[in-house]
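Heads up, the thing below is written out as structure tokens.
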Amino acid sequence: MSETLFHKILRREIPADIVFEDEHLFAFRDIAPQAPIHVLFVPKQDFATLNDVPEDAAVVIGRLASAAARYAKEQGFAEDGYRIVMNCNGDAGQTVFQIHLHLLAGAPLGRFGTQG
Ligand code: 5GP
């Protein structure tokens, strides 16, 4: 997998508001938030898309979801609710080809799906 801007964020070469980091993953605020709270959770193990994650690496995805839920609880919006999303390839609008989970929260969210 080739270098992405998320690698540069992890190495602090591009500034970002990093809200969490451990040995497995890191999380930072999205530069173009689509909700009042919009945080990206990125594993330190590299995969370009969800299609590239083998079944025996499924824990990598599970850790992202767990970290997002933990963050929601710590920040006090877990009970109000939130959405997690992972875009895969063109039809979903994936723009950074290093898997990441979007956490969206902070207001009632619109439904999702196709847009006319
Ligand atoms: P995707 O479209 O691949 O699912 O999500 C990529 C996300 O990365 C987008 O929501 C976009 O706003 C965010 N993003 C792109 N460049 C930067 C950046 O330089 N800094 C931060 N914090 N987020 C970025």
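None of the figures in this text is laboratory data; all of them are computed from the coordinates on show. None of these values were measured; they are calculated from a predicted model. Ideal geometry is used to build each Cβ from the backbone, glycine not excepted, and the neighbour counts take in all protein chains shown.
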Filter result (among the hydrophobic types (A, V, I, L, M, F, W, C), under 21 Å from V53 (Cβ atoms) and not in a loop (DSSP other than H, G, I, E, B)) within region 1-25
L5, F6, I9, L10, F20, L25
Does A78 count as in contact (Cβ under 8 Å) with a residue 12 or more places away in the chain and away from the ligand (no atom under 14 Å from the Cβ)?
no
If I ask for residues that are of a type in the set (G, A, S) and more than 15 Å from H102 (Cβ to Cβ), which ones from region 1-36 would you list?
S2
Suppose we keep only residues that are of a type in the set (V, I, T) and within 18 Å of T95 (Cβ to Cβ) within region 1-58. Which one would you say is farthest from the chain's Cα centre (by Cα)?
I14
Of all the residues that make up region 51-92, how many are in a loop (DSSP other than H, G, I, E, B) and farther than 20 Å from I37 by Cβ?
3
So T49 ticks every box in (1) touching a Ser or Thr at 6+ places or on another chain (Cβ under 7 Å); (2) touching a residue at least 40 places away in the same chain (Cβ under 8 Å); (3) not small (G, A, S) but one. Which box is left unticked?
(1)
Filter region 26-37 for residues that are assigned to a loop (DSSP other than H, G, I, E, B) and within 13 Å of the ligand (Cβ to nearest atom) and give the result.
D30, I31, A32, P33, Q34, A35
